[in-house]
Amino acid sequence: MGRVAGIKFKSCFWFSPGPFSPGSGSVLVLSVLVLVLMWSFLSSRGQQSISGGDEVEENRGGDRRRRPKLKIPRKIWKNRKQKNHNAEEEQQEEQQEEQQEEEQQEEQLEEISRKLIIREEQLFSQDSPEEEQDQLQRELEALRLQILMTVHNTFTSSSSSSGEVWALRSAVASIQQQEEQDRRWAGAGEGPVPAWRPQKCLSSHNELLSKMVESRLKEAAEEEAGGADLLSSPVKKEVCRLGKRVKEDLLTVVRRVMDCYPPHMDILNIYAGLYQQRFSTRLTQLAASGLQTDDCTYLLFWVNHCYPLEILKHEELDGKIKTACLGSLLLQENLTQLEEQYLTHTEDKVKSCLSTALKKEEESWLSGKTPELLDHYYFSPLAVDVIQVIDGFLAKFRCVIGEQSKAERITAHLENFFSSYKTSMEDFVKGNHGNVRSVMKAHLACEEQFRDYITGTGSVSEPQRCRCLDTLSALKDCGYRCLTCPSQLKVCCSQLWTSGWLDGSLPVVDSLLDSLNQQLSDLTDLKPACRQAVLSVLHQDVSLQYVKRMMKTRKKSREQQLDGAQRMIEDAQKINEFFTEGVRHDSSWLCSMFCNIAEILRLQDPGSVQLEMVCLSRTFPDLSDAHVSALLSLKTGLSAADVRSIRRSVEENRPLHASSNHSPPFFSMVKVKWINNKINQIGLKT
């Protein structure tokens, strides 16, 4: 180890030219100059040592007498100390000595820069020998090299020591001093200017950083360790190693390097820009090489997830790196190409998985097997399997694709699956298989699970959600028709408004409810929530058939209107009690509707009928003009003028906006097309 002009040159100073070092030619020249300086310096010190005499001389009695001596090298001093102290004390003292010496050296680095600038000022403020200028130029170049070597050691294993941190801080201060001196000479007027100005230390520093980053990423890509060995392909391993190196180095910069630089240099963003540039260049090369789909997916995972979220948004880096200035790792053209490759492959896999799941379920139906029981209810794993498939692909999609709206390309296959599922169920029901009721019970539970998923997930667009729910509703209706026989309702309700029903001798509703009770007794192995839904829909279907039959009835006498009103109230109570017994089912609005219609039939005063009709229309906004006319057609005591007045009043008082007080849609499901022809015939149009 030697010193030249107060600078200690470590063994690491001599390095072969590489991607981070200056050109091989300049290094060779500068190395020779430094060797000359070291030789001259050591020669002069050697002469002084010789003239000083030996360190130790013997006297005649064999005793040893010490004379003043030069400082003993650390290794010899260490051997002596080992004889007098234990190993632990020696190690602590050695570390303290190293730290003190390193701090003194780095303080000298900044101080030497300052002194060299002072010498430069003195030399050029007066005539000076050329030899002195040459000597100063050599010392400045040596300083410049030591500064660059200190910066070059930024990411070495020992860079975390306090001495290395002080070294870097001193080197940066020296760069600033030299930059300021460059600017001073640039602004100087006429007169001699040093041939070595400008030094351009900052420019050399920035070029060095670029080569350092390039070299470190190149080394990372070739490393065997680093946690990437478990990955399945060379491309994945390289991308992982590069990404980890970027993360580690940026964290090193924010933890130890940033404090060594002044804020205006923004060293963190300089490093971030350099690392992104090199990382991006390599990823672009990989993207253009024709990647397999698995490698393509992994690369997109780093570009759209790991790099922007786990590195740039790391808790220690978030808010400090100007991410908006960095942009994406890949150009949009390359990104679009990779994403299209991934999406096409993913769509094929989703379609295949869903098709396989449905085919497996269909084979189970057609084999005559009864679905398994879970908690005493029929159950099918189809919904769970399909939802897991979709959620799995969507979870991966969110990490791989940056534009989340493209998820529709995956969920579109769920929409297609529902259509195929509905068609398969309808075809199976038509086949009149022996296990049709048990299969349908299991798949009503599936429909409920699918419905909950579609209404709860945010991955499905609103148009897709509406289409999926419509398909599921059709599937549910297929199940209800299979389990409840709706055609029987029409037969039973056809007896309404007959003379036997009006005088109470024909228990139409009682017979209907007895028949339904027998059907519903077979639903004990249907999932409770589905059974409640079946009862709710069946209750509404019974009410619809009841009202449809009533609106097809022609004019009745006053007595028949009163009897009909009384029967309606009694029937409404029986129907409501049947469907709500032991079930949490809010159907009071259906019972209220029957009572409102019965009151319209009972009242004979046109004004009272008008008020009751307006009240009904405000409760049921879907009560159309045709429905109003059909109800009024049952009244015999109303004139054409009364009918027009009532209809006009209903239209004028119809609510313009939806309200929470409104009942669910009901009358819109009651078709009364015949009434329009009737209205035209009797001239009731306004």
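So, in the stretch 232-253, of the ones that are farther than 21 Å from residue 295 by Cβ and surrounded by 19 or more Cβ atoms within 10 Å (Cβ to Cβ), which residue ends up nearest to the chain's Cα centre (by Cα)?
First, the residues of the stretch 232-253 that are farther than 21 Å from residue 295 by Cβ: 248-253.
Retained after the next criterion (residues that are surrounded by 19 or more Cβ atoms within 10 Å (Cβ to Cβ)): 249-250, 253.
Working: 249: 25, 250: 23, 253: 28 Å.
The residue in question is 250.
Please find, among 406, 351, the residue that is at pLDDT 95 or above and either of a type in the set (Val, Ile, Thr) or farther than 30 Å from residue 253 by Cβ (or both). Break it down stepwise before answering.
Values: 406 fails: at pLDDT 95 or above.
The unique qualifying residue is 351.
So is residue 393 within 26 Å of the chain's Cα centre (by Cα), more than 18 Å from residue 537 (Cβ to Cβ), of a type in the set (Phe, Trp, Tyr) and part of a helix (DSSP H, G or I) or not?
So residue 393 fits the description; yes.
Which of the residues belonging to the stretch 255-271 are touching a Lys or Arg at 6+ places or on another chain (Cβ under 8 Å) and at pLDDT 95 or above?
268, 269
From the residues in the stretch 152-165 that are assigned to a helix (DSSP H, G or I) and either of a type in the set (A, V, I, L, M) or at pLDDT 90 or above (or both), which one is surrounded by the fewest Cβ atoms within 10 Å (Cβ to Cβ)?
165
With respect to residue 346, determine if the residue is within 21 Å of residue 420 (Cβ to Cβ) and touching a residue at least 60 places away in the same chain (Cβ under 8 Å). Steps first, please.
On the way: within 21 Å of residue 420 (Cβ to Cβ): yes; touching a residue at least 60 places away in the same chain (Cβ under 8 Å): yes.
Judged against the criteria, residue 346 is a match.
Quick grid of which residues meet (1) in contact with a Leu (Cβ under 8 Å, 6 or more places away or on another chain); (2) modelled with pLDDT of 85 or more:
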position	(1), (2)
109	yes, no
113	yes, yes
149	no, yes
167	yes, yes
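Which pairs have Cβ atoms under 8 Å, sit 6 or more apart or on different chains, and link a residue in the stretch 299-323 that is under 14 Å from residue 243 (Cα atoms) to one that is among the hydroxyl-bearing types (Ser, Thr, Tyr) and open to solvent by less than 40 Å² (accessible area, probe 1.4 Å)?
300/342
What's the number of the condition residue 560 fails, among (1) open to solvent by 10 Å² or more (accessible area, probe 1.4 Å); (2) closer than 30 Å to residue 374 by Cα; (3) free of Cβ contacts under 8 Å to residues at least 60 places away in the same chain; (4) touching a helix residue (DSSP H, G or I) at 6+ places or on another chain (Cβ under 7 Å)?
Failing condition for residue 560: (2).
Only one residue in 472, 513 is at pLDDT 90 or above and more than 30 Å from residue 412 (Cβ to Cβ), so which one is that?
None of the others qualify; the one that does is 513.
Quick one: how many residues across the stretch 482-498 are in contact (Cβ under 8 Å) with a residue 40 or more places away in the chain and either open to solvent by 40 Å² or more (accessible area, probe 1.4 Å) or under 53 Å from the mean Cα position of the chain (by Cα) (or both)?
Adding up the residues that qualify gives 7.
Quick grid of which residues meet (1) among the hydrophobic types (A, V, I, L, M, F, W, C); (2) open to solvent by 40 Å² or more (accessible area, probe 1.4 Å); (3) in a loop (DSSP other than H, G, I, E, B):
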{"site": "303", "(1), (2), (3)": "yes, no, no"}
{"site": "316", "(1), (2), (3)": "no, yes, yes"}
{"site": "321", "(1), (2), (3)": "yes, no, yes"}
{"site": "336", "(1), (2), (3)": "no, yes, no"}
{"site": "339", "(1), (2), (3)": "no, no, no"}
{"site": "355", "(1), (2), (3)": "no, yes, no"}
{"site": "373", "(1), (2), (3)": "yes, yes, no"}
{"site": "397", "(1), (2), (3)": "yes, no, no"}
{"site": "410", "(1), (2), (3)": "yes, no, no"}
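Say whether the condition of being within 30 Å of residue 295 (Cα to Cα), surrounded by fewer than 20 Cβ atoms within 10 Å (Cβ to Cβ) and in contact with a Ser or Thr (Cβ under 8 Å, 6 or more places away or on another chain) is met by at least one residue in the stretch 174-190. Break it down into steps so the answer makes sense when it comes.
Quick first cut of the stretch 174-190, residues within 30 Å of residue 295 (Cα to Cα) only: none.
No, because not a single residue in the stretch 174-190 is within 30 Å of residue 295 (Cα to Cα), surrounded by fewer than 20 Cβ atoms within 10 Å (Cβ to Cβ) and in contact with a Ser or Thr (Cβ under 8 Å, 6 or more places away or on another chain).
Return yes when residue 426 is touching a Cys at 6+ places or on another chain (Cβ under 7 Å), in a helix (DSSP H, G or I), in contact (Cβ under 8 Å) with a residue 60 or more places away in the chain and not aromatic (Phe, Trp, Tyr) and no when it is not.
No.
Look through 470, 514 and report the one residue that is among the charged types (D, E, K, R) and over 21 Å from residue 579 (Cα atoms). Don't jump to the end; show me each part of the working.
Working: 514 fails: over 21 Å from residue 579 (Cα atoms).
470 is the lone residue from the list that is among the charged types (D, E, K, R) and over 21 Å from residue 579 (Cα atoms).
Out of all the residues in the stretch 199-216, which are open to solvent by 70 Å² or more (accessible area, probe 1.4 Å) and at pLDDT below 95?
200
Being more than 18 Å from residue 208 (Cβ to Cβ) and either open to solvent by 30 Å² or more (accessible area, probe 1.4 Å) or of a type in the set (D, E, K, R) (or both) is the filter here, so list the residues in the stretch 257-280 that pass it.
259, 263, 264
The values are calculated or read from the model by the stated rules, or taken from the named source; none is laboratory data. What you see is a predicted model; the values in this text were computed from it and never measured. Neighbour counts run over all protein chains shown; Cβ positions are idealised from the backbone, glycine included. Protein only, heavy atoms only, side chains kept; ligands, DNA and RNA dropped before computing areas. Shrake-Rupley method; radii C 1.70, N 1.55, O 1.52, S 1.80 Å.
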